[in-house]
Amino acid sequence: MAALITLSAPYGAGGSQVGPAVAARLDVPFLDRAIPTGVAERLAMPLDEALERDEAIGVSLARMTVWLGHVGQAFGAPAVLPDEAEEGAYRRATEEVILEHARSSGAVVLGRGGAAVLRDHPGALHVRLDGPVEARIRQGMAVEGVDRETAERHVSETDRARETYVQHFYRVDPRDPSLYHLVIDSTVVPLDTCADMIVDAARARSGSSLT
């Protein structure tokens, strides 16, 4: 049975570094940029458009949430959010890509509410990388080679977008530790060690000698 791991990680927690390392060690696909490619095929849309929507959907939902908080009660919220039908179709196609890999090759799935999508899958291992905001800002600066102002902006915008995406579509808080089998402070545990821990946990959970 191939390994199946969902990986939730806010900005600066190292998900983009740990995910590929785990996938390589377990010889399964790493699903991040591969997800928009599969979605584009299912929805018959250009890949560039799928990539743009993949990056923008959480941001647009977060902005709409802020707008509703400021003026929704005063003026009445719209019955249907802008582009809600398109966003719903994209989300369903994203789930199809994840579930297809869950049924066949296994995968390491980064983000996209993977723990919620695969919550009922008996063999999935759900992992959360996290850490204090200040520590994640410093790690983001080091990993991405950006200045503090850029890292602070990214931690604010990216965290809000990812949290809003999961809350909007799956009605859960991605920060809730009960969603995961393993939670690691990846700002104090070296990222390579985080990958080792996840691989060990996946092998233990499967009860087999995953490679």
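Considering only residues in the stretch 15-51 that are among the basic types (Lys, Arg) and under 15 Å from ARG112 (Cβ atoms), the one that is modelled with the highest pLDDT turns out to be ARG42.
Screening the candidates ARG203, ARG171 for the property of being on the phi > 0 side of the Ramachandran plot and out of contact with any strand residue (DSSP E or B) (no Cβ under 6 Å at 6 or more places or on another chain) yields one hit, ARG171.
The residue that is nearest to THR94 (Cα to Cα), among those in the stretch 160-185 that are among the acidic types (Asp, Glu) and at pLDDT 90 or above, is ASP173. Selection of helices (runs of 4 or more DSSP H) fully inside the stretch 95-211 by the criterion of at least 2 residues being open to solvent by 20 Å² or more (accessible area, probe 1.4 Å) returns 133-144, 148-170, 191-206.
If we scan the stretch 61-84, do we find a residue that is part of a loop (DSSP other than H, G, I, E, B), at pLDDT below 60 and either in contact with a Leu (Cβ under 6 Å, 6 or more places away or on another chain) or buried (at least 18 other Cβ atoms within 10 Å of the Cβ) (or both)? Within the stretch 61-84 (the criterion being part of a loop (DSSP other than H, G, I, E, B), at pLDDT below 60 and either in contact with a Leu (Cβ under 6 Å, 6 or more places away or on another chain) or buried (at least 18 other Cβ atoms within 10 Å of the Cβ) (or both)), the answer is yes, since at least one residue qualifies. Of the residues making up the stretch 136-188, just one is in contact with a Phe, Trp or Tyr (Cβ under 9 Å, 6 or more places away or on another chain), of a type in the set (Val, Ile, Thr) and over 17 Å from GLY111 (Cβ atoms), namely ILE137.
The values are calculated or read from the model by the stated rules, or taken from the named source; none is laboratory data. All figures in this text were calculated on a predicted structure; none of them were measured in a lab. In this analysis, Cβ positions are derived from the backbone assuming ideal geometry, glycine residues included, and neighbour counts consider all displayed protein chains. Surface areas here come from the heavy atoms of the whole protein model, side chains and all, with no ligands, DNA or RNA. Shrake-Rupley method; radii C 1.70, N 1.55, O 1.52, S 1.80 Å.
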